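Everything on this sheet refers to the single structure shown next.
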Amino acid sequence: MSESKSPVETEHEEMAAFPDAADEMFEFLANAHVPASSLSKDQDWYFYINGYKDAADLIVTHAGEGDPRKLMYPIMFLYRQHLELALKDLIRDGRRLLGWQEAFPKTHRIDELWRLCVGLLDELSPGTTDNEETKHTTRLIAEFCTVDPTSEAFRYPEGKDGSPASFDVEINLTTVKKVVGKISLLLECTRTQVRTRYGDDAF
């Protein structure tokens with residue numbers, strides 16, 4: 001029969017789980033200069049874009065092991081960040097092909113970013129976006145923006161004016177995963193088609 005721990009022993013064990021002098025968050029480099037990435041800029045974008053989605057997918061898969069009420073917020077933010085970066089990357093490619101020097105727009109509104117993507121694609125190849133897939137993507141991105149227009153709803157429990165975050169929709173994480181996956185595939189295929197048509201040397 002195991003002996004019960006005294007309050008003092010329990011307190012010491014709990015304190016051992018607190019941060020102490022031996023803990024370090026990162027291993028900092030001696031010269032304080034982070035070396036240039038060994039990846040190309042496009043590879044960096046790839047890992048950022050897909051890292052957010054992969055992380056969200058993994059959490060959704062294992063959401064039953066935690067409390068979905070808490071996990072919903074980081075999952076939704078991760079999916080939204082994935083879409084925002086994927087759209088900005090597509091805009092970046094389109095503008096470079098057209099010879100525009102502008103960087104991607106600084107807005108967080110994914111509906112505005114999607115409209116820019118559609119405009120650039122039509123500029124590069126008229127009629128490209130005249131299809132059902134584009135129409136449904138426009139509708140679905142607009143739905144996401146109805147719930148989270150500026151990438152704040154799932155990051156903060158209240159708005160800048162102090163009003164509490166509220167959602168007049170039922171969020172099913174499995175459904176969100178499936179729909180974001182479809183939008184993500186469309187964006188990736190579109191990007192691949194653009195690069196195949198113009199060649200990597202154009203970028």
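The values are calculated or read from the model by the stated rules, or taken from the named source; none is laboratory data. All values reported here derive from a predicted model rather than from experimental measurement. Don't worry about glycine lacking a Cβ; one is built from the backbone with ideal geometry, like all the others, and counts go over all protein chains shown.
What to note about this one:
- Figure legend. Inter-residue proximity from the stretch 52-66: first residues modelled with pLDDT under 95, second residues surrounded by fewer than 13 Cβ atoms within 10 Å (Cβ to Cβ) and not polar (S, T, N, Q), beta-carbon distance below 7 Å, spacing 6+ or different chains. No pairs are indicated.
- The set of residues in the stretch 102-115 that are surrounded by fewer than 19 Cβ atoms within 10 Å (Cβ to Cβ) and either in contact with a helix residue (DSSP H, G or I) (Cβ under 8 Å, 6 or more places away or on another chain) or not in a loop (DSSP other than H, G, I, E, B) (or both) comprises E102, A103, F104, P105, T107, H108, R109, D111, E112, R115.
- So Y46, is it of a type in the set (S, T, Y), touching a helix residue (DSSP H, G or I) at 6+ places or on another chain (Cβ under 6 Å) and assigned to a helix (DSSP H, G or I): no
- Set side by side, the residues R139, R95 differ, and just one is surrounded by 15 or more Cβ atoms within 10 Å (Cβ to Cβ), of a type outside the set (S, T, Y) and modelled with pLDDT of 90 or more, which is R95.
- Residue in the stretch 173-180 that is touching a Phe, Trp or Tyr at 6+ places or on another chain (Cβ under 7 Å), modelled with pLDDT of 95 or more and either of a type in the set (G, A, S) or under 19 Å from I59 (Cα atoms) (or both) present: yes
- Of all the criteria given as (1) of a type in the set (V, I, T); (2) surrounded by fewer than 14 Cβ atoms within 10 Å (Cβ to Cβ); (3) part of a helix (DSSP H, G or I), the one not satisfied by V118 is (2).
- Candidates T129, T174, T190, T150, filtered to the one that is out of contact with any helix residue (DSSP H, G or I) (no Cβ under 6 Å at 6 or more places or on another chain) and buried (at least 16 other Cβ atoms within 10 Å of the Cβ): T190
- When restricted to residues that are over 24 Å from the mean Cα position of the chain (by Cα) and among the aliphatic types (A, V, I, L, M), the stretch 118-164 contains 1.
- Pairs, first closer than 21 Å to E84 by Cβ in the stretch 34-47, second modelled with pLDDT under 80, C-beta under 6 Å, six or more apart: D44/S37
- Which listed residue, of T138, T196, T134, T175, is of a type in the set (S, T, Y), free of Cβ contacts under 8 Å to residues at least 12 places away in the same chain and within 22 Å of L120 (Cβ to Cβ): T196
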